[in-house]
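Nothing in this text is a laboratory measurement; each read-out follows from the coordinates by a stated rule. This is a predicted model, so every value here is computed, not measured. Counting neighbours? That spans all protein chains shown, and the Cβs are built from the backbone with ideal geometry, glycine included.
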Amino acid sequence: MIPSEQHETGLARIKAETLIESLPWLQAFHGKVVVVKFGGNAMVDEELQRAFAEDMAYLRWVGIKPVVVHGGGPQISARLAELGIESEFRGGFRVTTSETIGIVRDVLRDQISA
């Protein structure tokens, strides 16, 4: 077998293993609405955008109904840094204070949802 055929065979094996592993989940969530976050880091990377779109199309194709919600973490952190406000995280989640909620809302409205 030539190297390109070995590579293609390896990719096919990985895809088959992934599909087999995912079948119980696909069956469990068939016909259901699932919420999927499109994170801020993925939003600024063209390859991640493409992969995300393909994944959402695949979910629809197998009978799952994704509802996409957006993130905005990097954009929020950048705006807070511009204003000299330190971002605080607990357990991987941003702590949004009464001081920062307006800034977060503005970033999400003006930069992300625009």
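GNM remark for the chain: springs join alpha carbons under 10 Å apart, and the peak mean-square fluctuation among Ala12, Ala57, Ala28 falls on Ala12.
Would you mind classifying the chain by shape? Square roots of the alpha carbon gyration tensor eigenvalues, ordered a ≥ b ≥ c; an a/c under 1.5 is rounded, otherwise it is prolate if a/b is larger than b/c and oblate if not. The shape class here is prolate. Fewest-first ordering of Val33, Val68 by other beta carbons within 10 Å of each residue's beta carbon gives Val33, Val68. GNM remark for the chain: springs join alpha carbons under 10 Å apart, and the peak mean-square fluctuation among Gly72, Gly102, Gly92 falls on Gly92.
Would you mind telling me the antiparallel percentage of the DSSP bridges in the chain, rounded to 5?
Bridges in the chain that DSSP calls antiparallel: roughly 25 percent.
GNM remark for the chain: springs join alpha carbons under 10 Å apart, and the peak mean-square fluctuation among Arg79, Arg50, Arg13 falls on Arg13. Output ³J(HN,Hα) for segment 26-41: one whole-Hz value per residue in order, computed from phi by the Karplus curve 6.51 cos²θ - 1.76 cosθ + 1.60 with θ = phi - 60°, and x for Gly and Pro. With coefficients 6.51, -1.76 and 1.60, one gets 4, 5, 5, 9, 4, x, 9, 8, 10, 9, 10, 8, 9, x, x, 5 Hz. Computed on segment 30-112, with alpha-carbon pairs under 8 angstrom and 6+ residues apart, the relative contact order is 31 percent.
When only the Cβ of Lys, Arg, Asp and Glu is charged (+1, +1, -1, -1), the dipole of segment 30-112 relative to its Cα centre reaches about 500 debye.
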